Structures are given as structure tokens and as C-alpha cells.
Amino acid sequence: QVQLAESGGDLVQTGGSLRLSCAVSGIIFRGYTMGWYRQAPGEQRELVAEITSGGGTNYADSVKGRFTISGDDAKNTVYLQMNSLKPEDTAVYYCSTLRRKVRYWGQGTQVTVSS
């Protein structure tokens, strides 16, 4: 059973930084594409960043140069380092992966950026 557990969300000021963590169990994350998504109130969930099984990364245009996705094999954990945060980054952030045509989601962690 795949389980994803996010943590690290907080209230920060504009320009601040946060690191989100996604603890993965049931799979070895390196064998899958792992993604960070976010959903703001009244908005659709959107892909923020992803890391492929080959180690490649992709980012939404809105976060390029500010966010970095990475992973720790020993901890089987995926991270999202977020710098230069803006109020428009405020959202619930989710970790997700697709395995055997089933998409798995964590419970989400709230990030709030105050202006």
C-alpha cells in the first residue's frame, strides 16, 4: 500500500522560505515519478514540480528559479524547497505518484504566505 505523508507547511512572510517533505512508504520513490501539486481556494489543483525515475525535474513556469524538488534515498523522502515565496504561493501542497494506473495522494500541508 502506497502512503504519502507531507509535512513542513507553515505561515511565512513574503520572501521567506520553506521546505516541504513527503515521506513515502510502500514503494521506493526513485522508481516512480513523484510530483508536488498545490491547490488554492477556489482553484484547480496544479502541478508545481516533479522528479522522474531517471532524476529529471520539471517545474511550473510560476515557480521556476524559486522552487527545487529533490529526494533522499536513505529516507525515501521527496522534498520541495521553496524560496522567495509570494502570496500567490498560498495553497495546500500535496505529494502524489502514479503506480499501476492508480494515483496516490497525501493528506496535504498548508502553506500560507503573508504580504
Would you call Tyr94 touching a Cys at 6+ places or on another chain (Cβ under 8 Å) and open to solvent by less than 40 Å² (accessible area, probe 1.4 Å)? no
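Among the residues of the stretch 53-73, which ones are over 19 Å from Lys86 (Cβ atoms) and more than 13 Å from the chain's Cα centre (by Cα)? Steps first, answer last, please.
We begin by selecting, within the stretch 53-73, every residue over 19 Å from Lys86 (Cβ atoms); these are 53-58, 70-73.
Correct list: Ser53, Gly54, Gly55, Gly56, Asp72, Asp73.
Residues checked against (1) open to solvent by 70 Å² or more (accessible area, probe 1.4 Å); (2) closer than 17 Å to Thr97 by Cα; (3) not hydroxyl-bearing (Ser, Thr, Tyr):
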| site | (1), (2), (3) |
| --- | --- |
| Gln1 | yes, yes, yes |
| Glu6 | no, yes, yes |
| Gly15 | no, no, yes |
| Ser21 | no, yes, no |
| Thr33 | no, yes, no |
| Glu43 | yes, no, yes |
| Glu50 | no, yes, yes |
| Gly56 | no, yes, yes |
| Arg66 | no, no, yes |
The lone condition Arg30 fails out of (1) part of a loop (DSSP other than H, G, I, E, B); (2) more than 14 Å from the chain's Cα centre (by Cα); (3) closer than 17 Å to Tyr79 by Cα is (1)
Given (1) within 30 Å of Ser115 (Cα to Cα); (2) in contact (Cβ under 8 Å) with a residue 40 or more places away in the chain, identify the lone condition not met by Ser62. (2)
So the check is Cβ under 6 Å with 6+ separation or different chains; which pairs have a first residue in the stretch 14-26 that's among the basic types (Lys, Arg) and a second one that's assigned to a strand (DSSP E or B) and open to solvent by 20 Å² or more (accessible area, probe 1.4 Å)? Arg19/Tyr79; Arg19/Gln81
Scope the stretch 65-75; condition under 22 Å from Gln110 (Cα atoms) and outside any strand (DSSP E or B); matching residues: Gly65, Arg66
Checking Gly71 against (1) farther than 15 Å from Arg38 by Cβ; (2) open to solvent by 60 Å² or more (accessible area, probe 1.4 Å): exactly one of these is not met. Which one? (2)
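The values are calculated or read from the model by the stated rules, or taken from the named source; none is laboratory data. What you see is a predicted model, and the numbers here were worked out from it, not measured in a lab. Don't worry about glycine lacking a Cβ; one is built from the backbone with ideal geometry, like all the others, and counts go over all protein chains shown. For accessibility, only protein heavy atoms count, side chains too; no ligands or nucleic acids. Shrake-Rupley method; radii C 1.70, N 1.55, O 1.52, S 1.80 Å.
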